[in-house]
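The values are calculated or read from the model by the stated rules, or taken from the named source; none is laboratory data. These numbers were taken from a predicted model, which means no experiment stands behind them. Please note: Cβ atoms are built from the backbone with ideal geometry, for glycine as well, and neighbour counts cover all protein chains shown. Calculation scope for accessible area: heavy atoms of the full protein, side chains included, ligands and nucleic acids excluded. Shrake-Rupley method; radii C 1.70, N 1.55, O 1.52, S 1.80 Å.
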Amino acid sequence: MRVVAGEYGGQRIAAPRRAGTRPTQDKVREALFSVLGPVDGLRVLDLYAGSGALGIEALSRGARDATFVDSDKAAARIVRENLERLGVEGARVFRADALSFLRGAARHGERWDLVLCDPPYRLAPRLGATLGPLLAPVLETGARIVCESSVKHPMRLDLPLIGDRRYGDTALMLYAAPA
């Protein structure tokens with residue numbers, strides 16, 4: 001797997017070798033960032049980070065910083081290794097359950113401009129109802145949230161939907177922070 005564009009474009013990144021890990025395909029990442037437009041200066045949260053490919057792509061394209069969250073020990077290790085291999089600074093990696101992390105981040109006043117959410121497809125339909133209310137307090141004004149899930153079982157948040165795209169069996173849902 002490679003970073004698609006930007007400062008780290010063309011460089012390889014590793015993915016965790018575990019059942020259920022499904023790194024976002026290069027063509028889907030390219031399409032996602034085309035839809036998002038410039039991400040320069042944004043604070044990015046990569047939930048269910050896996051390899052960190054989405055957050056690394058954002059950093060490569062000019063995001064100010066990124067926070068990576070994954071509950072799996074191997075995934076958190078791979079994200080750290082990928083960041084180190086690329087020489088990325090301004091990134092934090094947490095091995096934590098995403099929902100617990102969001103509760104703690106809200107208590108500490110953390111805020112992000114862009115949230116990239118790519119949970120295991122089997123969990124996505126059940127997460128939407130819980131995830132939306134936990135995201136709202138950590139979103140900056142004008143923030144956007146991208147959820148990747150299966151077309152057959154999309155993850156729906158109780159936030160304003162501003163767009164959706166389909167790439168094969170992958171659905172990308174784009175949401176806005178509540179007004």
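Filtered by the rule that a residue be in contact with a Phe, Trp or Tyr (Cβ under 8 Å, 6 or more places away or on another chain) and closer than 18 Å to Leu127 by Cβ, region 48-67 gives a lone residue, Ala49. How about region 81-104: which of its residues are without any contact (Cβ under 8 Å) to a residue 24 or more places away in the chain and either hydroxyl-bearing (Ser, Thr, Tyr) or crowded, with 16+ Cβ neighbours inside 10 Å (or both)? Answer for region 81-104, where residues must be without any contact (Cβ under 8 Å) to a residue 24 or more places away in the chain and either hydroxyl-bearing (Ser, Thr, Tyr) or crowded, with 16+ Cβ neighbours inside 10 Å (or both): just Ser100. Pairs linking a residue in region 34-51 that is within 21 Å of Ile13 (Cα to Cα) to a residue that is acidic (Asp, Glu) and buried (at least 23 other Cβ atoms within 10 Å of the Cβ), with Cβ atoms under 7 Å and 6 or more positions apart or on different chains, are Tyr48/Asp70; Tyr48/Asp118; Ala49/Asp70; Gly50/Asp70; Gly50/Asp118. Quick check on region 107-126: of everything there that is within 14 Å of the chain's Cα centre (by Cα) and outside any loop (DSSP other than H, G, I, E, B), which residue is farthest from Tyr48 (Cα to Cα)? Result: Asp113. From the list Ala129, Ala136, the one residue that fits, being surrounded by 14 or more Cβ atoms within 10 Å (Cβ to Cβ), more than 15 Å from the chain's Cα centre (by Cα) and not in a strand (DSSP E or B), is Ala136. The set of residues in region 29-61 being farther than 21 Å from Arg95 by Cβ, open to solvent by 10 Å² or more (accessible area, probe 1.4 Å), not in a helix (DSSP H, G or I) and not charged (D, E, K, R) consists of Gly37, Pro38, Gly41, Leu42. Within region 105-127, being under 23 Å from Leu42 (Cβ atoms) and small (Gly, Ala, Ser) holds for Ala105, Ala106, Gly109. Within region 105-120, the set of residues being more than 21 Å from Ala14 (Cβ to Cβ), in contact (Cβ under 8 Å) with a residue 24 or more places away in the chain and surrounded by fewer than 22 Cβ atoms within 10 Å (Cβ to Cβ) comprises Ala105, Ala106, Glu110, Arg111, Asp113. Scanning region 150-170 for residues that are closer than 16 Å to Leu127 by Cβ and basic (Lys, Arg) yields a count of 2.
Quick one: how many residues across region 150-174 are open to solvent by less than 30 Å² (accessible area, probe 1.4 Å), closer than 14 Å to Val115 by Cβ and without any contact (Cβ under 8 Å) to a residue 60 or more places away in the chain? Of the residues in region 150-174, 4 are open to solvent by less than 30 Å² (accessible area, probe 1.4 Å), closer than 14 Å to Val115 by Cβ and without any contact (Cβ under 8 Å) to a residue 60 or more places away in the chain. Inspection of region 62-76 finds no residue satisfying the criterion of being in contact with a helix residue (DSSP H, G or I) (Cβ under 8 Å, 6 or more places away or on another chain) and assigned to a helix (DSSP H, G or I). With respect to (1) over 22 Å from Ala5 (Cα atoms); (2) in a strand (DSSP E or B); (3) open to solvent by 60 Å² or more (accessible area, probe 1.4 Å); (4) in contact with a Phe, Trp or Tyr (Cβ under 8 Å, 6 or more places away or on another chain), the lone exception for Gly142 is condition (4). Evaluate the following for Pro16: is it over 23 Å from Ala105 (Cα atoms), open to solvent by less than 40 Å² (accessible area, probe 1.4 Å) and outside any helix (DSSP H, G or I)? Answer is yes for this residue.
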